[in-house]
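To start, the structure under review is shown below, and the notes come after it.
None of the figures in this text is laboratory data; all of them are computed from the coordinates on show. Note that the coordinates shown come from a computational prediction; the quantities given were computed from them, not determined experimentally. FYI the Cβ positions are ideal-geometry reconstructions off the backbone, even for glycines, and counts take in every protein chain you see.
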Amino acid sequence: MTHRVTLIPGDGIGPEVVEAARRAVEATGVPVAWERREMGAGAYARTGDPLPAATVAAIRATRVALKGPVETPVTSGLRSVNLRLRRELDLYANVRPCRRYPGVPSVYGDVDLVVVRENVEGSYSGIEFEMGSVAAKELIRFIEETTGRRVREDSGLSIKTISAWGSERIVRFAIAEARRRGRRRLTAGHKANIMKTTDGLFLEVARRVAAEHPDLAFEDRIIDALCMQLVQDPGRFDVIVLPNLYGDIVAELGAGLIGGTGLAPGAHVGGVDGLELAVFEATHGTAPHLAGRNRANPVGAILSGAMLLRHIGEAEAGDRLEAAVADVLADGTAVTPDLRAPEDGRPAVGTVAMTEAICARL
Ligand code: ATP
């Protein structure tokens with residue numbers, strides 16, 4: 001059966017790494033019909049919209065997308081086109097596996113953890129009030145009246161919202177993800193000791209839901225202590241579920257543990273109108289200084305392709321693709337400059353040559 005997948009090249013190094021991922025997915029032999037759509041600064045320049053309706057419609061129609069990083073044009077009036085897509089399609093779960101592959105320069109040995117980040121509420125609720133605006137002044141007055149606490153007039157305000165419902169669905173997703181991956185331990189990260197009404201609620205829900213799954217070891221960690229333990233001993237962590245902002249930071253920390261941002265894949269999962277939707281993309285940004293130079297590391301995008309294959313029921317092909325990436329990294333001959341340790345005398349290769357080496361292994 002041919003799978004339909006929306007392909008969004010994006011901006012900066014996006015087109016290069018997405019092309020690498022497309023080639024690698026094809027090299028597994030799984031038949032895919034790609035529906036190419038636009039998003040980001042390039043789309044805005046051509047169509048006047050950084051997230052054209054045709055792109056959203058294609059994702060809804062195909063259910064899955066392989067996407068590159070995108071830039072949000074300042075003049076578009078959007079804070080982030082990525083956030084708009086996640087909100088529009090309610091992609092509430094961000095899965096970011098962090099696995100250290102032998103051969104990659106890193107101070108850590110064994111790292112194999114999965115960050116599950118709540119992706120649509122928390123500090124990213126998008127409810128913001130600019131310093132000095134009428135709404136900010138009204139809100140400051142309301143806060144004073146209801147709490148007796150004075151907020152300085154020259155403050156900007158961001159509202160962090162965490163719901164019981166949103167917490168429950170992300171924790172249930174994390175548990176399902178742990179099961180899918182055969183994992184034994186779930187850690188919830190939070191700052192419930194300070195943010196009682198939001199993180200406290202998240203933690204309460206996490207404990208309640210985890211109690212229904214006694215075969216899965218559950219623990220919770222205050223976010224600062226979690227970061228310290230991750231740096232000291234990342235090998236002890238398995239699946240970590242976190243509210244939005246912490247999840248973003250911890251996943252990036254995880255990318256650092258495994259050797260760099262170019263290596264980390266990701267998925268945004270959720271859906272609307274009864275459709276299960278998933279967008280797969282490397283976690284790195286557009287890295288404009290590398291764009292068009294055949295220097296970008298394609299591994300994050302290619303491993304996102306492996307996650308996509310597993311998601312569409314082609315687990316064996318996904319595993320083969322990941323194994324091919326691991327082989328090329330272990331061999332260390334055909335790797336991009338960011339993966340070349342300074343003391344290693346061998347020349348690095350370009351995005352295309354590294355991709356070809358991975359495809360050749362397949
Ligand atoms: P954005 O705001 O678009 O998310 P960012 O500013 O957080 O982006 P990136 O674009 O991810 O950051 O780039 C951060 C650094 O990581 C860059 O300096 C770049 O050198 C490096 N980097 C990112 N992606 C890659 C990649 N695929 N290959 C090599 N280096 C990369």
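Which whole-number percent gives the relative contact order of the chain, counting Cα pairs below 8 Å spaced six or more residues apart? Before the final figure, lay out each step's value.
Details: 763 pairs, mean separation 84.7, N = 362.
In percent, rounded to a whole number, it is 23.
As an exercise, find the ratio Rg/Rh for region 213-359 from alpha-carbon atoms, using the Kirkwood inverse-distance average for Rh.
Values: Rg = 17.2 Å, Rh = 17.3 Å.
Answer for region 213-359: 1.00.
Show me the trypsin sites (Lys or Arg not before Pro) within region 73-161 that DSSP assigns to loop and that have at most 10 other Cβ atoms within 10 Å of their Cβ.
Arg149, Arg150, Arg152
If we restrict to alpha carbons, what Rg and Dmax does region 1-65 come to, in Å?
12.3, 37
Obtain the radius of gyration and the Kirkwood radius of region 273-343 from its C-alpha atoms and give Rg over Rh.
1.06
Starting with the fewest neighbours, write out Ser155, Ser76 ranked by other beta-carbon atoms found within 10 Å of each beta-carbon. The partial results should precede the final answer.
Values: Ser155 13, Ser76 18.
Fewest-to-most ranking of Ser155, Ser76: Ser155, Ser76.
Using the 10 angstrom Cβ neighbour count as an exposure proxy, how do Glu252, Glu71, Glu130, Glu118 rank, fewest first?
Glu130, Glu252, Glu71, Glu118
Tally Lys and Arg at +1 and Asp and Glu at -1 over the other residues with C-beta under 14 Å from the C-beta of Gly42: what net charge comes out? All intermediate terms of the calculation are to be shown ahead of the outcome.
Values: positive: Arg36, Arg37, Arg46, Lys67; negative: Asp11, Glu16, Glu38, Asp49, Glu71.
Residues close to Gly42 contribute a combined charge of -1.
Non-local amide H neighbours of Val335 (under 5 Å, H modeled in plane, Pro and chain starts lacking H): which ones?
Close amide H contacts, sequence-distant or interchain: Val349.
Sum up the charges of everything whose Cβ sits under 15 Å from the Cβ of Leu245, counting Lys and Arg as +1 and Asp and Glu as -1, but leave Leu245 out.
-1
What are the GluC sites (Glu not before Pro) within region 265-362 that DSSP puts in a loop, where the Cβ has at most 11 other Cβ atoms within 10 Å?
Filter output for region 265-362: Glu276, Glu343.
Taking the alpha-carbon distance from Lys137 and a cut-off under 21 Å, which lysines remain once sequence neighbours fewer than 8 residues away in the same chain are dropped?
List returned: Lys160.
With unit charges on the beta carbons (Lys and Arg positive, Asp and Glu negative) and the dipole taken about the Cα centre of the chain, which residue among Phe173, Ala296, Ala20 sits farthest to the positive side?
Of the options given, the answer is Phe173.
Rounded, prolate or oblate: which fits region 24-132, taking a ≥ b ≥ c as square roots of the Cα gyration tensor eigenvalues, rounded meaning a/c under 1.5, else prolate when a/b beats b/c?
oblate
Do any trypsin sites (Lys or Arg not before Pro) in region 225-302 lie in a DSSP loop with no more than 16 other beta carbon atoms within 10 Å, and if so, which?
Arg293
Would you mind ranking Met131, Met39 by Cβ crowding within 10 Å, fewest neighbours first?
Fewest-to-most Cβ neighbours within 10 Å comes out as Met131, Met39.
Hey, which aspartates and glutamates would be in cross-link range of Lys196, C-alpha to C-alpha under 15 Å, not counting anything within fewer than 8 residues on its own chain?
Glu204, Asp220
So what is Rg over Rh here for the chain, counting just Cα atoms and using Kirkwood for Rh?
Radius of gyration relative to Kirkwood radius: 0.98.
If the viscosity is 1.002 mPa s and the temperature 20 °C, what translational diffusion coefficient in µm²/s does Stokes-Einstein give for region 30-73 when Rh comes from Kirkwood over Cα pairs?
194 µm²/s
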